[in-house]
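I have placed the structure first, in the form of structure tokens, so that the comments after it can refer back to it.
The values are calculated or read from the model by the stated rules, or taken from the named source; none is laboratory data. The structure displayed is predicted, hence computed values, not measured ones. Positions of Cβ are backbone-derived with ideal geometry, glycine not excepted, and every protein chain shown enters the neighbour counts. Accessible surface is based on the protein model in full, side chains and every heavy atom, while ligands, DNA and RNA are left aside. Shrake-Rupley method; radii C 1.70, N 1.55, O 1.52, S 1.80 Å.
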Amino acid sequence: MKKFLMASAATALMAGGAMADDHSVKLGIMLGFTGPIESLTPAMAAGAELAMTEVSESGKLLGGKKVMPVRADSTCVDSGAAAAAAERLVTSDGVKGIMGADCSGVTGAVLSNVALPNGVVMISPSATSPALSSAEDDGLFFRTAPSDERQGQVLAEVLKERGIEEVAVTYTNNDYGKGLSDSFAKYFVANGGTITSTTAHEDGKADYSAEVGALAAAGGDALVVAGYVDQGGPGVIRAALDTGAFDTFVLPDGMIGAGLEEKFGSEIDGSIGTTPGSDAADSTMVKDKVAATGEDVTGPYIGESYDAAALILLAMQAAGSVEPGEYKSKIEMVANAPGEKIGAGELAKGLEILAAGGDIDYVGATAVELIGPGEAAGGYREIELKGGKIETVKFR
């Protein structure tokens, strides 16, 4: 919290200085700096700010515009607070786009209550609920992480290949947890698997023994925990370990982070999971530079955050305008073929090509490819806990 407040104060000073500067553009960074994924978001924000700094230092955005980041706290779970924070970004700070939000429920609230009425572009690096695919957005909403419709399918495939045929499932009781649980169940059962029990859990509880007791009674080869690494997910795992109910866990993206290693070490070795990632792009530069700021880079969505900010800025260049109504139609154009491929760290090159009237195919840190209504095609890393550490087994 202290780090967030200091960063917010610094950003506010930067934004205040920019108010009198016509040669700058402000972008919002809306992430849950407090709440159930607060250990993940500092690195995500740093990834987005890295893209903004890269563009500013290039001096090539629309004749040399600088980019000013303005942070806002989505809380991840409080839709009212997130909408109010987004409203301040738009009306008080005058941002021309929002990198965010992060969690699916607050993202939907910000989209419908703030972005849509005000005509502001949002690119989320991590809101994965399948329900967002059909949300009314007037072409303003995009995401660089694939929908959980795809993650559920990949997770089911991982379990089938590993011979895990029966699982119990618990999910955090919100849009993210329910959407992912439903998607996983559909594909797992279609692959011949059996779900012995499905139980929602509420975040913020001190004891999850009741939930785990019900899941244990149903049995299974493993327990799927579709939760958050800074909230109820670890509590469920601890209760399962302490009671001997389960010793192998299946962990989707919201559970992947340094907090998992810190809380359990080798206690959950052999547990597996999925998180967005691709071997078709190189995110090393982004993660190395974020790590150099002191942030932990074991969590997900750092590259996706860099790419979300980069896409907004490249689209502005393609449109010759910072106005969302003018550049929103260029986002898919700069993200996809045809055009010269642009990787992470090559934003200056992309800006130059676009300024000259050329085409680019932005690959970025995560092999960005947009399909349908602003959806990311996306790939996944299959991970496994080995020796108390999260290791990548393969890409899918």
Which Rg and Dmax, in Å, describe the Cα atoms of the stretch 117-266?
16.1, 52
Shape parameters for the chain, alpha-carbon atoms, Rg then Dmax in Å
20.5, 65
Applying a 10 Å radius around every beta-carbon, put 44-57, 258-271 in order of their mean neighbour count, most first.
44-57, 258-271
Across the Cα atoms of the stretch 49-96, what radius of gyration and what greatest pairwise Cα-Cα distance (Dmax) are found, in Å?
13.6, 39
The stretch 42-164 - Rg over Rh from alpha carbon coordinates, Kirkwood radius:
1.05
Cα Rg over Rh - the stretch 177-259, Kirkwood
0.94
Result for the stretch 124-191: accessible area per residue, probe 1.4 angstrom, in square angstrom, of 36 Å²
Whole-number Å³ per residue for the convex hull built on Cα positions in the stretch 318-396:
127 Å³
Compute the helix-to-body angle for 302-319: its Cα long axis versus the longest principal axis of the chain, expressed 0 to 90° and rounded to tens.
30 degrees
Within the chain: Cβ-based charge dipole about Cα centre, in debye rounded to nearest 20 (Lys, Arg +1; Asp, Glu -1)
560 debye
Percent of accessible area on the stretch 10-166 owned by carbon and sulfur, 1.4 Å probe?
50 percent
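Relative contact order for the stretch 161-218: what percent, with Cα pairs under 8 Å and sequence separation of 6 or more? All intermediate terms of the calculation are to be shown ahead of the outcome.
Numbers: 58 pairs, mean separation 25.2, N = 58.
Relative contact order comes out at 43 percent.
R0 = 25 Å: FRET efficiency of T91 with A348, Cβ-based, nearest 0.05?
On the way: r = 32 Å, r/R0 = 1.28.
Efficiency, from the Cβ-Cβ distance: 0.20.
Over all pairs of distinct alpha carbons, what does the Kirkwood formula give as the hydrodynamic radius of the stretch 243-363, in Å?
On the way: mean 1/r = 0.0597 Å⁻¹.
Here the Kirkwood hydrodynamic radius works out to 16.7 Å.
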Need the full-extension length gain, E326 to S266, defined as separation in residues times 0.36 nm minus the C-alpha distance. One decimal, nm.
16.4 nm
Roll a 1.4 angstrom probe over the protein heavy atoms and tell me the percent of accessible area of the stretch 248-347 that is carbon or sulfur.
46 percent
Select from V334, G277, G387 the residue farthest towards the positive end of the dipole of the stretch 239-396; place +1 on Cβ of Lys and Arg, -1 on Cβ of Asp and Glu, and compute about the Cα centre.
V334
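Provide the packing ranking of 95-107, 129-141, 201-213, 160-172, i.e. peptides ordered by the mean count of other C-beta atoms within 10 Å per residue, highest first. Mind dumping the intermediate values first?
Numbers: 95-107: 30.0, 129-141: 17.4, 201-213: 15.8, 160-172: 19.9.
Ranked by mean Cβ neighbours within 10 Å, highest first: 95-107, 160-172, 129-141, 201-213.
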As a Kirkwood estimate from alpha-carbon pairs, the stretch 228-280 has a hydrodynamic radius in angstrom of 11.6 Å
Please list the non-local residues whose amide H lies under 5 Å from the amide H of R71, H modeled 1.01 Å from N, same-chain partners needing a gap of 5 or more.
I29
Using the structure shown, select from K66/K349; K287/K341; K330/K394 the pairs with a Cα to Cα distance greater than 27 angstrom.
K330/K394
Straight-line reach check, K178, cutoff 16 Å on alpha carbons, 8 or more apart in-chain or any other chain, hits among lysines -> K186
Points 7 angstrom from Cα along the Cβ direction at D182 and E161: gap in nanometres?
2.7 nm
Gyration tensor on Cα atoms of the stretch 137-218, a ≥ b ≥ c root eigenvalues, a/c under 1.5 rounded, else prolate if a/b beats b/c, else oblate, says oblate
Find the relative contact order for the chain and round it to a whole percent, using C-alpha pairs within less than 8 Å whose residues are 6+ positions apart.
18 percent
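Could you please put M333, M30, M68 in sequence from largest to smallest accessible area, using a 1.4 Å probe?
Numbers: M333 75, M30 0, M68 35 Å².
The ordering from most to least exposed comes out as M333, M68, M30.
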Helix 79-91 versus the longest principal axis of the chain: what angle, 0 to 90°, nearest 10, using Cα atoms?
10 degrees
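Could you order V154, V189 so the one with the most accessible surface comes first? Probe is 1.4 Å. Mind showing how you got there, number by number?
Working: V154 0, V189 80 Å².
Descending order: V189, V154.
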Subtract the Cα-Cα distance of A218 and A377 from 0.36 nm times their separation in residues, and report this length gain in nm to one decimal.
53.7 nm
Each label point is 7 Å from the Cα along the Cα-to-Cβ direction; what then is the distance between the points at A280 and A200, in nm?
3.6 nm
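I'm checking a number: the convex hull volume of the Cα atoms of the stretch 223-311, normalised per residue, in Å³. What is it? Could the numbers behind the result be given before it?
Numbers: hull volume 9.8 nm³, N = 89.
It comes to 110 Å³ per residue, whole-number rounded.
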Check: C-alpha center the stretch 47-114 vs C-alpha center the stretch 185-217, spacing in Å is 35 Å
In degrees, nearest ten, helix 41-58 long axis to first principal axis of the chain (Cα):
20 degrees
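The stretch 69-110: Rg/Rh from Cα coordinates, Kirkwood Rh? Walk me through the numbers before you get to the answer.
On the way: Rg = 9.3 Å, Rh = 10.0 Å.
Taking Rg over the Kirkwood Rh, I get 0.92.
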